[in-house]
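The values are calculated or read from the model by the stated rules, or taken from the named source; none is laboratory data. What you are looking at is a predicted structure, and each value in this text was computed from that prediction instead of being measured. Every residue, glycine as well, gets a Cβ built from its backbone with ideal geometry; the counts of neighbours run over all protein chains shown.
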Ligand code: EPU
């Protein structure tokens, strides 16, 4: 395991903020990860784990040890008549996995095509798009606990998955490093095309039978038209979660803005009923789409995405986010929660 000092992290975060890691090591095996943990413990270094760097905002200097997760591997653990149990290393690229599964006749992930990042990051925020969330397919998550490095396997239930949320963002934040994800994938294709833009795209290009490949292609097309490619315009996807609000506030806003989009939230015993609003719509209504604040630009085609064309630092990004959420709070009384995780600072 090679540990480098004062490493430039700008190429390793899709928002392209300038940042430096005091120390950095890439780990490709469980053994190397254990060595990294031992080093961190011996020298009392704070650990930061980076996957694809596509859902993080990095402060200019990360003290301690940054571990780049590079553990690879795709292994079929079990084959049943209707499904397969697949174990994937945390360092695998997410989109490459989606494409590979499609080629193998393993279905379910096609709606999640082109999501940037790694497999190990997928359960952390329970990635989701076009009507599908990854938790549906997760059987278990494997990893090491911090600081002792004990190997632990968490069932899906123990991962406490929710909308863009999991135990890894909460109770196990900084206490667990995901090393592999075990997915249960069906061998039969069941299309999920309830999302209007996806349905429209499929109607436009689909003449015959609806295949998983067609859904995959449609998702790629819709994403490419609406979301900026981080390779050309630095960004970290949706910057805010879609907010859950009280039924009272929802009805109040619905009266004022009858066209406001909103979504059902499954009722939970003992919890007052909630309604999910579209953060993109609120930000757009507040006039932010296409606007520049500091040097941060709100994307022209999706108000939920902040872009960083001039590759400026975390402070500028967070200031723009703060200005947007303050404005949305003042206009609509809705509190926006950030989606990416902030490292350092
Ligand atoms: N809208 C606007 N203005 C905009 C964009 C959208 O008014 O600039 C409206 C749309 O018309 C729609 C509503 O807001 O009625 C919701 O927009 P959209 O359907 O584009 O989805 P979203 O809720 O903004 C979520 C995910 C995306 C995912 C899409 C598609 C979150 C935080 N974001 O966005 O995920 O790709 O749905 O399923 O849940 C990501 O997490 O990085 C991400 C891109």
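For the stretch 294-314, a residue qualifies if it is without any contact (Cβ under 8 Å) to a residue 40 or more places away in the chain and either within 11 Å of the ligand (Cβ to nearest atom) or surrounded by fewer than 18 Cβ atoms within 10 Å (Cβ to Cβ) (or both), and the qualifying residues are 294, 295, 298, 300, 303, 310.
Among the residues making up the stretch 153-188, those that are assigned to a loop (DSSP other than H, G, I, E, B) and surrounded by fewer than 17 Cβ atoms within 10 Å (Cβ to Cβ) are 163, 170, 171, 173, 174, 175, 187, 188.
The condition (being under 30 Å from residue 150 (Cβ atoms) and in contact (Cβ under 8 Å) with a residue 40 or more places away in the chain) is satisfied by just one residue among 249, 185, 227: 185.
Screening residue 220 with (1) farther than 30 Å from residue 159 by Cα; (2) not assigned by TED's automatic domain parsing to the domain that holds residue 330 gives one miss only, at (1).
Would you mind stating whether residue 192 is surrounded by fewer than 20 Cβ atoms within 10 Å (Cβ to Cβ), within 16 Å of the ligand (Cβ to nearest atom) and either modelled with pLDDT of 95 or more or under 27 Å from residue 161 (Cα atoms) (or both)?
Here the answer is yes, as residue 192 does meet what is asked.
Here residue 4 meets the list (1) over 25 Å from the mean Cα position of the chain (by Cα); (2) farther than 27 Å from residue 236 by Cα; (3) free of Cβ contacts under 8 Å to residues at least 40 places away in the same chain almost entirely, failing just condition (2).
A count restricted to the stretch 83-103 and to residues that are in a helix (DSSP H, G or I) and touching a residue at least 12 places away in the same chain (Cβ under 8 Å) stands at 8. The selection criterion, being surrounded by fewer than 17 Cβ atoms within 10 Å (Cβ to Cβ) and within 12 Å of the ligand (Cβ to nearest atom), holds for residue 259. If I ask for residues that are within 16 Å of the ligand (Cβ to nearest atom) and either closer than 17 Å to residue 165 by Cα or under 16 Å from the mean Cα position of the chain (by Cα) (or both), which ones from the stretch 94-109 would you list? Hits for the stretch 94-109 are 94, 95, 98, 109. Filtering the stretch 319-332 to residues that are more than 15 Å from residue 281 (Cβ to Cβ) and in contact (Cβ under 8 Å) with a residue 12 or more places away in the chain leaves 319, 320, 321, 323. Out of 271, 265, one residue alone is away from the ligand (no atom under 11 Å from the Cβ) and exposed (fewer than 13 other Cβ atoms within 10 Å of the Cβ). It is 271. Screening 136, 87, 70, 140 for residues that are modelled with pLDDT of 95 or more, within 16 Å of the ligand (Cβ to nearest atom) and within 20 Å of the chain's Cα centre (by Cα) leaves exactly one candidate, 136.
Picking from residues in the stretch 211-250 that are surrounded by fewer than 12 Cβ atoms within 10 Å (Cβ to Cβ) and outside any loop (DSSP other than H, G, I, E, B), the one that is farthest from the ligand (Cβ to nearest atom) is 248.
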